[in-house]
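J.: Mind looking over this structure? Questions follow.
The values are calculated or read from the model by the stated rules, or taken from the named source; none is laboratory data. Here the structure is a predicted model, which means the values were calculated and not measured. Using ideal geometry, Cβ is built from the backbone for each residue, glycine included, and neighbour counts are taken over all protein chains shown. Note: areas computed on protein heavy atoms with side chains; ligands, DNA, RNA excluded. Shrake-Rupley method; radii C 1.70, N 1.55, O 1.52, S 1.80 Å.
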Amino acid sequence: MIGHPVHHSFSPLIHNTAFQILHLNSRYLALDIEPRQLRRAIAGAQALGIKGLNVTVPYKETVIPYLDYVTPEARFIGAVNTIVFRNNKSYGHNTDYSGFARSLEFARDELRRANVLIFGAGGSARAVIYALMKSCHCKRMVLSNRTRKHAEQLIRHFSKLKSRTRLEFAESGMINGDSFQVVINTTSVGLNDEASLVTAEFFRSNQLVYDLIYNPIETSFLRHAKSAGARTVNGIEMLIGQAAEAFKIWTGCAMPLQEVRSALQNFIANSPENMPI
Ligand code: ATR
């Protein structure tokens with residue numbers, strides 16, 4: 001994995017656990033790359049015979065011009081988080097979107113009928129919106145964001161996609177929880193603290209509520225949702241989902257999800273001081 005910074009990432013634990021369980025003679029390392037070394041780092045990894053890379057903040061967009069091929073999905077989303085080297089060529093994928101879709105596989109039928117509310121219009125929102133439009137085929141999606149212009153730009157961009165999903169903007173003060181069966185937080189509000197965009201009164205017991213944040217594992221946003229009786233999904237599921245999709249691309253093998261999830265849960269339970277930021 002390349003990024004800047006990369007300390008305390010969960011990804012080495014996820015992939016190395018999977019390698020060990022499947023007896024694959026492979027290692028996953030997190031490497032901190034200086035911005036001006038990005039291009040050379042990719043060429044160097046390829047020259048060294050490394051099988052592939054994960055790309056994280058802040059390089060998911062800037063890495064694109066350095067690749068030989070980029071999937072249409074990653075190009076549309078505007079971000080690559082997984083590279084595979086094959087036959088002397090580099091291929092860029094986005095497994096954030098496919099991993100997010102995979103993490104909602106259990107709710108597939110309900111998503112097709114759902115009105116979905118998304119908080120945020122940043123990089124993570126792009127992958128989530130793509131997944132909901134192209135993989136989950138949800139009925140209607142409403143974006144709410146602090147900066148209206150950012151949400152409107154996303155709506156313009158994603159309206160070019162062929163999809164049955166209706167896409168709209170809503171001012172945060174105008175949203176009524178009753179209208180939504182699925183609510184997703186893609187903003188950084190609640191990361192490392194107790195902040196939440198909404199209070200418990202906003203949520204309903206028939207809702208599915210997802211927070212992409214995994215530190216803390218249960219955000220105030222999810223705690224409020226739970227207290228209203230909603231079902232909740234935390235950011236660990238997207239983290240594991242995107243990792244499983246990347247693992248499949250590199251190795252051709254399915255990630256042993258149960259074992260990986262319990263290794264991650266044990267690690268978090270035993271060493272909260274090692275939580276990534
Ligand atoms: P990421 O790649 O994790 O999505 P990002 O691209 O920086 O990160 O996006 C962060 C999102 O969180 C944005 O939607 C941002 O809103 P703005 O478009 O108005 O910047 C949202 N966000 C961050 N801090 C916020 C806050 N204090 N209140 C509301 N929204 C916030």
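J.: Can you tell me how many residues within the range 116-146 are assigned to a helix (DSSP H, G or I), within 15 Å of the ligand (Cβ to nearest atom) and in contact with a Leu (Cβ under 6 Å, 6 or more places away or on another chain)?
T.: Residues meeting the conditions: 1.
J.: Hey, among the residues in the range 147-194 that are part of a helix (DSSP H, G or I), closer than 20 Å to Arg113 by Cα and over 20 Å from the mean Cα position of the chain (by Cα), which one's nearest to the ligand (Cβ to nearest atom)?
T.: Looking at the filtered set, the residue picked out is Gly177.
J.: Can you find a residue in the range 199-209 that is open to solvent by 20 Å² or more (accessible area, probe 1.4 Å) and within 16 Å of the ligand (Cβ to nearest atom)?
T.: Yes, because at least one residue in the range 199-209 is open to solvent by 20 Å² or more (accessible area, probe 1.4 Å) and within 16 Å of the ligand (Cβ to nearest atom).
J.: Evaluate the range 235-246: report whether one residue or more is farther than 14 Å from Phe100 by Cα and either away from the ligand (no atom under 16 Å from the Cβ) or open to solvent by 40 Å² or more (accessible area, probe 1.4 Å) (or both).
T.: No: zero hits.
J.: Can you list residue pairs whose Cβ atoms sit under 7 Å apart, with the first residue in the range 72-86 being assigned to a loop (DSSP other than H, G, I, E, B) and the second being β-branched (Val, Ile, Thr) and open to solvent by less than 10 Å² (accessible area, probe 1.4 Å)? Count only pairs 6 or more apart in sequence or on different chains.
T.: That search, which allows pairs on different chains as well, returns Val80/Val55; Val80/Val63; Asn81/Val55; Asn81/Thr95.
J.: Another question about this same structure. Is it true that Phe100 is modelled with pLDDT of 95 or more, open to solvent by less than 20 Å² (accessible area, probe 1.4 Å), outside any strand (DSSP E or B) and not β-branched (Val, Ile, Thr)?
T.: The answer is yes for Phe100.
J.: Filter the range 1-40 down to the residues that are in a loop (DSSP other than H, G, I, E, B), under 19 Å from Lys60 (Cβ atoms) and open to solvent by 50 Å² or more (accessible area, probe 1.4 Å) and list them by number.
T.: His4, Pro5, His7, His8, Leu29, Glu34 - these are the residues of the range 1-40 that are in a loop (DSSP other than H, G, I, E, B), under 19 Å from Lys60 (Cβ atoms) and open to solvent by 50 Å² or more (accessible area, probe 1.4 Å).
J.: Then there's this: Limited to the range 89-115, what total is found for residues that are in contact (Cβ under 8 Å) with a residue 12 or more places away in the chain and away from the ligand (no atom under 16 Å from the Cβ)?
T.: Final tally of qualifying residues: 18.
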